[in-house]
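The values are calculated or read from the model by the stated rules, or taken from the named source; none is laboratory data. The model shown is predicted, which means the values in this text are computed figures rather than measured ones. Quick reminder, even Gly has a Cβ in these numbers, built from the backbone with ideal geometry, and neighbours come from all protein chains shown. Keep in mind that these areas ignore ligands, DNA and RNA; they rest on the heavy atoms of the full protein, side chains included. Shrake-Rupley method; radii C 1.70, N 1.55, O 1.52, S 1.80 Å.
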Amino acid sequence: MRSKEQSPQPVRDLDVITTHVNADFDALASMLAAAKLYPDAWLVFPGAQERNLRNFFVESTCYFYNFVKVKNLPFERVRRMILVDTRQKDRLGPLAELVDNPEVDLHAYDHHPDTPEDVKTSYQLVEAVGATVTVMTGLLRDKGVELGEDEATLLALGIYEDTGSFTFVSTTPRDFEAAGWLVSQGANLAVVSSLITREMNAEEVGLLNDLINSASRVLVNGVEVVISEVSREQYMPELAVLVHKFMDMDNLNVLLALARMEERIYLVARSRLPEVDVGAIAKALGGGGHPTAASATVRELNLPEIREKLMALLSQHINPRRTAGDLMTRPVISLEPQATIGQAHEMLARYSINVLPVARDEQVKGIISRQTVEKAMLHGLGGQPVSEYMDQRVQPLEAAASLSEVEDAVVEHRQRLVPVMDQGRLVGVITRTDLLNILIDAPRLPELGHEERPPRQKNVLSLMRERLPRDILNILAELGRLADELDYGVYLVGGSVRDLFLRRPNLDLDVVVEGEGILFARAFAQGRPGVRVRVHKKFNTAKIIFDNGQVIDVATARLEYYQAPAALPVVETSSIKLDLYRRDFTINTLAIRINARSFGTLYDFFDGTRDLKEKAVRVLHNLSFVEDPTRVFRAVRFEQRFGFRIGKLTEGLIKNAVKIDAFRRLTGKRLFSELAQVLEEERAVDCLNRLKDFKLLALFHPKLKLETKDLMLLERVQESLSWFNLSFLDQPLRHWLVMFLGLTDPLNQQEMETVASRLSLAPKLKEEIREMRALALAGLNRLQRGHTPPSVIYSLLRPLKAEYQLYIMAKAAMLSAKKAVSQHLTTLRKVRPSLSGEDIKAMGYQPGPLFKIILDRLQAARLDGEVSTREQEIGLVRKEFPLVLEESAR
C-alpha cells in the first residue's frame, strides 16, 4: 500500500518592505528608499494610508514599484520583512503575525526612540533624526545610489512632512543635509510645497474650529495641558496637520487631541516641554511616536472613557515640578507708585536689597532697581515719583508657575525680580539668588549668579560674507590680526552691524578696541601707503582714512556718565560690554568680534537681535532720556526709517522727559543737529508727526503745530525733493533745509529769527535764510500772477539757491508756477548768450556799465527765443545799442 504523499513545504523566497498603518509621507518615502537597497522586495502597506498618499503624483510615481495589497501577499513565502518608520508589532496590522515566525528574518530602519516593546531584529539602523527617510537618504548617498527626479521629490516630501518643514524641535542638521542632497538629485520643491502647504477645505476648517472650541485646559503637576475632543462620522486624515496648526496658532506647549472617527478614537499628541513625553503617553494607549509628537488608535473605549484614562496617564507621565510658590520670598517689601525716588533710595538702603516691586492695591505696576534710583538721585530727581522711572516691563507669575517659567522670566526676559501672584494678590517675589539656590546642583545657566548673564553669541561670518564687500572683509581681518598681536579685543559695532541684520547697505564702519584706540589706529596705518589717521585725543578716538575714501572710526571701549541731565558725557576707559551699555538703544548694542581667533562672532548683551526681530526701539535703562534727551529724536528717526515701533516703556519715558522739561538744558547746536538729521530722513514728515505726538515741536517754536495744511505742504516738499533727485541735476542740495523751510512756513520773519536763535544757527546761515526766504516768497507771488516769460522766471529765480526754488515749487498753488521752477532748474539756468564781453569789445563798444546792460539783454533775448544764433545776437546789439549813441554818450 502506498503511503499518502505529503504536500511540499512552500519555499520562503520573498522579501517584504512594510511600515505602520495609516502610513504618512515619511513612511512611504522610507519604503521607496528601502526598495533601492532591497531591489527584489515587494512593498506592502499593512492597512490604510493617509489621504495625501492618494495624490495622483504619488500614485503615478509608485506605479513603477512592486506594491502589492496585503490580501494578495503569500505569507508562507516571506523569508525577510524590512520594517521602516516603526518597530512596534501592534502597528503592523495583519503583517504582525510574521513578527513571531522564527523563519522570518527582521530588519528595521527607524528614527523613533527605543521602547521595551520594539520587535527583535537581526539588523537595525536607528538614528535620532527628524524623519526615517533621513536615515535612508544617508544610506543611499553613501552607497552612490542615484535617484530620478520623482523619486527624489517623494523622499523630500517625507522629510518636509515629518519635520514640519524643518520647524519641529525634533529636526536635526542631518535632516537639512539629507534634503539638500535630494535637491541635488532633482527633487522638485514646487511639488513638495503644493502637497505640504495647501489650502484647507471646508471640512478641515470645520474640524479645526471644533478643535479650538472644544479645548479645555488642565493643570497636571504644575504643567498646563490642553485637551480637545471632536467627533466625525468619516475618517479625516488631516487631523495631525490641523492639531499642529492649532498648536502654532495658540502657542501651546502641550496639546492632546481626541477624535472619534469611524467607530475608533484617534489620539494626536504634541509637546514642546521636556517634562511631557507624549510618546510614552501614546504608547500606553497602544500607539507610539516621539517625546514631542505621537499618536494612537483606540477601539475599545468611548470618548469619556479614553479621556479618564488619559488624565490618569498624564498624572503618571508628567513629573511633579516645583512651582513659583515654592521658590518665592515673603513677605513682600514694596512701595507705592507715588512714592518718591528719595523714599525708594531709603528703603533699598534700609533693607539691603537691590530691587523693589512697585505695587498699588496688591497689583504690580513695575519694579525699580538700585542702579536706576542712584542715577536719579545723582541728577537731583529725589522728589520725583518712582512711577516715572520704574521698569513697567515686569511680568508677574502665578504661584503655580513652573520652575521653567521662572527661569524664562529671569534668564530670557532679564527680570531682576519676578513678582508672584495668587488669586490676583501679590504674595511673594523671586530674585536671581532664589533661583540660583534651586539650580546650584545642576544649573541650566550657571552664570545666573552674576549681575548680568554673558552675551548671546552666534557666528555670523556667512552673513558678513553675503553683505560686505570683499575688500571690507579683508580690512576687518587685518584689524583683527593686529589686535591679536597687541593682545586687544576688537569689535565691529554700531549702525553697520545693525544694518547687517536688517540687510540694509551701510559701510559707515565703527570699531571698538579693548585697549588704546589711537595707538591701535596708528599701528594699523603704519607701513600702509594710502592710509592715514586723524585723532581726537579728548575722546581717545581716531579715524582711519583710506585713499579710496573709506573711513573707519576707531574708539577705545569706554563708559560715559552724565553729571547733569542733558549735559555732555564724561568719558572713562571701559570694556566692550560697558561701552555698549552707554549706547542709545538695544538695536545699536550688537558687536561682532573680529579678532582672528573668533572672527565673525556676534555678541548680544542686551537682546538687540530680539528687538530687531520684534521691530522695536527700546532704551537700555530708564534714565536714558533724562541723561541725553536728544535720544528722543534718534528714537523717532529709527522708528520711521526701519518701520519699527517705539516700545511701550520707552514711549512712556519719552513723555516723562517732556513732562519734566529735560530738554531745557540742551544747547541750540545740539538741537539743530538732531533736527537737521530728522529732516534728512526719507520719511521726514512721519518723523515730524511723531515729534508732534510727543509735543516736541514746541521746543523750536510754539506756533509749529503741524496742522493739516502744514502737513500738506510738507508732503509737497517731499514730492519736490523726489523730483529733484530723479532729475539727476548737477547741483548740491541740502535736503534738510528744504524741509526746514516747509516746516517753518507758518512763521513770520520775527518768529523765524526766534527759531534761528534757539537753534544757534551760524550767522552766515541765518542771514542766508532771512534774505532768500524773503526773495523766494516775493518770487512766488510774481510767478502766480499768470503767464511769466522765461526771462522773468530767470531773473526771479537766478538769485536763489536750489533749496529755495524747491520751496517755491512745493508752496506754489498754480501749476504754471511749479513748471516755471522746473524749467529754470533743468534748462533756463544753463542758457547763456553766444557773445561774450570780448566779442562786444571787438564790435567797437568800450568797457563799462553798458556791457552788463547789453549782456543782460542778450540773456533775456536768448531765454525768450528772440535770438537763437550768434549772428542774430550781433544784429540785436547793433539795432538796440547803435555805436553812434554810445559815442554821443561819451
Worksheet entry | Tally of residues being open to solvent by 70 Å² or more (accessible area, probe 1.4 Å) and within 26 Å of the chain's Cα centre (by Cα) across region 135-176 | 4
Worksheet item: Can you name the residue in region 68-82 that is of a type in the set (D, E, K, R) and in contact (Cβ under 8 Å) with a residue 60 or more places away in the chain and is also most open to solvent (accessible area, probe 1.4 Å) among such residues?
Response: R79
Fill in: Filter result (part of a strand (DSSP E or B) and over 32 Å from the mean Cα position of the chain (by Cα)) within region 283-296
G288, G289, A294, S295, A296
Discussion item. From the list V84, V119, V133, V99, exactly one residue is in contact with a Phe, Trp or Tyr (Cβ under 7 Å, 6 or more places away or on another chain), at pLDDT 85 or above, closer than 26 Å to T297 by Cα and among the aliphatic types (A, V, I, L, M). Which is it?
Written reply: V84
Worksheet item: Hey, among the residues in region 572-592 that are polar (S, T, N, Q) and open to solvent by 30 Å² or more (accessible area, probe 1.4 Å), which one's farthest from R456 (Cα to Cα)?
Response: T573
Item to complete: Please go through region 92-107 and pick out each residue that is of a type in the set (V, I, T) and within 20 Å of A27 (Cα to Cα).
Response: V99
Item to complete: Determine which single condition Q124 fails, assuming it passes every other condition in (1) among the polar types (S, T, N, Q); (2) in a loop (DSSP other than H, G, I, E, B); (3) surrounded by 15 or more Cβ atoms within 10 Å (Cβ to Cβ).
Response: (2)
Discussion item. Of everything in region 866-876, what is out of contact with any Lys or Arg (no Cβ under 8 Å at 6 or more places or on another chain), outside any loop (DSSP other than H, G, I, E, B) and among the aliphatic types (A, V, I, L, M)? Give them in sequence order.
Written reply: I874
Item to complete: Hand me the list of helices (runs of 4 or more DSSP H) wholly inside region 593-676 holding 3 or more residues that are hydroxyl-bearing (S, T, Y), open to solvent by less than 20 Å² (accessible area, probe 1.4 Å) and modelled with pLDDT under 90.
Response: none
Item to complete: Answer with yes or no whether E682 is assigned to a loop (DSSP other than H, G, I, E, B) and farther than 21 Å from Y804 by Cβ.
Response: yes
Worksheet entry | Lone qualifier among L356, L310 - being under 27 Å from P237 (Cβ atoms) and either of a type in the set (A, V, I, L, M) or outside any helix (DSSP H, G or I) (or both) | L310
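Each row is one residue, and each column tells you yes or no for (1) outside any loop (DSSP other than H, G, I, E, B); (2) touching a Lys or Arg at 6+ places or on another chain (Cβ under 9 Å); (3) without any contact (Cβ under 8 Å) to a residue 40 or more places away in the chain.
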| position | (1), (2), (3) |
| --- | --- |
| L208 | yes, yes, yes |
| I227 | yes, yes, no |
| Q234 | no, no, yes |
| K245 | yes, no, yes |
| L256 | yes, yes, no |
| L267 | yes, no, no |
| R270 | yes, no, yes |
| I281 | yes, no, yes |
Worksheet item: For region 463-487, what are the residues that are open to solvent by less than 40 Å² (accessible area, probe 1.4 Å) and either without any contact (Cβ under 8 Å) to a residue 40 or more places away in the chain or in contact with a Pro (Cβ under 6 Å, 6 or more places away or on another chain) (or both)?
Response: L463, L468, L473
Worksheet item: Do we find a residue being hydroxyl-bearing (S, T, Y), part of a helix (DSSP H, G or I) and under 30 Å from M739 (Cβ atoms) anywhere in region 772-792?
Response: no
Worksheet item: Does region 697-715 hold any residues that are surrounded by fewer than 17 Cβ atoms within 10 Å (Cβ to Cβ), of a type outside the set (A, V, I, L, M, F, W, C) and assigned to a helix (DSSP H, G or I), and which are they?
Response: T708, K709, E715
Worksheet item: How many residues are among the hydrophobic types (A, V, I, L, M, F, W, C) and either open to solvent by 30 Å² or more (accessible area, probe 1.4 Å) or over 34 Å from the mean Cα position of the chain (by Cα) (or both) if we restrict to region 722-760?
Response: 12
Worksheet item: If you go through region 663-673 one residue at a time, do you hit one that is over 28 Å from H735 (Cβ atoms), touching an Asp or Glu at 6+ places or on another chain (Cβ under 8 Å) and not small (G, A, S)?
Response: no
Worksheet, complete the sentence: Exactly one of A178, A156, A240 is out of contact with any Leu (no Cβ under 9 Å at 6 or more places or on another chain) and part of a helix (DSSP H, G or I), and that one is A240
Worksheet item: Here are some conditions: (1) open to solvent by less than 20 Å² (accessible area, probe 1.4 Å); (2) closer than 22 Å to Q749 by Cα. A774 meets all but one. Which one does it not meet?
Response: (1)
Worksheet entry | Some residue of region 844-863 being polar (S, T, N, Q) and surrounded by fewer than 17 Cβ atoms within 10 Å (Cβ to Cβ) | yes
Worksheet item: Taking R264 and the conditions (1) under 32 Å from the mean Cα position of the chain (by Cα); (2) surrounded by fewer than 21 Cβ atoms within 10 Å (Cβ to Cβ); (3) charged (D, E, K, R), which numbered condition does it fall short on, given that it satisfies the others?
Response: (1)
Worksheet entry | Among the candidates I227, I196, residue that is at pLDDT 85 or above and not charged (D, E, K, R) | I227
Worksheet item: Identify, please: which residue in region 210-225 is out of contact with any Lys or Arg (no Cβ under 8 Å at 6 or more places or on another chain) and open to solvent by less than 20 Å² (accessible area, probe 1.4 Å) and is, among those, farthest from R264 (Cα to Cα)?
Response: V220
Discussion item. Given the criteria basic (K, R) and modelled with pLDDT under 90, does R432 qualify?
Written reply: yes
Worksheet item: In region 804-853, what residues are over 28 Å from H787 (Cα atoms) and outside any helix (DSSP H, G or I)?
Response: L835, S836, M843, G844, Y845, Q846, P847, G848
